[in-house]
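The structure appears below as structure tokens.
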Amino acid sequence: MAAKMKIIIISFLLLLMIGCQGNKGTNDFDFEKDTPQWLKAEIDSISLNSYYQVIKVYRYTWKGDFVYHFEIPISSCVFCDLYDQNGSKLTFNDDKLFEDFLENKHDKVLIWQRK
């Protein structure tokens, strides 16, 4: 009985250790290296504007490409500031495309926030 209990405890601890490892190294983000120039320029611009006091810029992966979301909580439009990886503003012409974005975006990374 004691041997079974030891195996159960050791197994539990191993699973706990493995689970706590997370995705170390898979989503490392280097602002200088991984941020496109157009986005750095946009961030420089908004950092000077007092309207953007509580803004965060996130990067998602969607349909195999990066999408950048400027999250402005005081704005009435939750996803109105979305850009593709080339800096072109994204607009959703139909609900299905918007739903696809909401359901299939992944790998959320915080790029920048006002400090």
Calculated FRET value between Thr91 and Gln53, using beta carbons and R₀ = 30 Å, to 0.05: 0.70
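For Asp100 and Lys63 in one chain, what is 0.36 nm times their gap in residues minus the Cα-Cα distance, to one decimal in nm? Don't skip to the answer; put the middle values down first.
Details: separation 37, 0.36 × 37 = 13.32 nm, distance 0.94 nm.
Length gained between Asp100 and Lys63: 12.4 nm.
Quick one: ranking Ser50, Ser76 by accessible area, 1.4 Å probe, largest first, what do you get?
Numbers: Ser50 85, Ser76 125 Å².
Sorted by accessible area, descending: Ser76, Ser50.
Listed highest first by mean packing, meaning other Cβ atoms within 10 Å per residue, what order do 97-106, 78-87 come in? Spell out each step's value before the answer.
Numbers: 97-106: 12.7, 78-87: 14.9.
Those peptides, ordered most packed to least, come out 78-87, 97-106.
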For the stretch 30-113: accessible area per residue (Å², 1.4 Å): 62
Listed peptides 57-64, 108-115, 29-36 by packing density, highest first (mean Cβ within 10 Å): 57-64, 108-115, 29-36
Non-local residues with an amide H under 5 Å from the amide H of Phe66, with H modelled 1.01 Å from N and Pro and chain starts lacking one, are Gln85
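The values are calculated or read from the model by the stated rules, or taken from the named source; none is laboratory data. Just so we're clear, the structure is a prediction, and the values are computed from it rather than from any experiment. Heads up, the Cβs are rebuilt from the backbone with ideal geometry, glycines too, and the neighbour counts pull from every protein chain shown. For the accessible areas, the whole protein counts, side chains as well, though only heavy atoms, and no ligand, DNA or RNA atoms are used. Shrake-Rupley method; radii C 1.70, N 1.55, O 1.52, S 1.80 Å.
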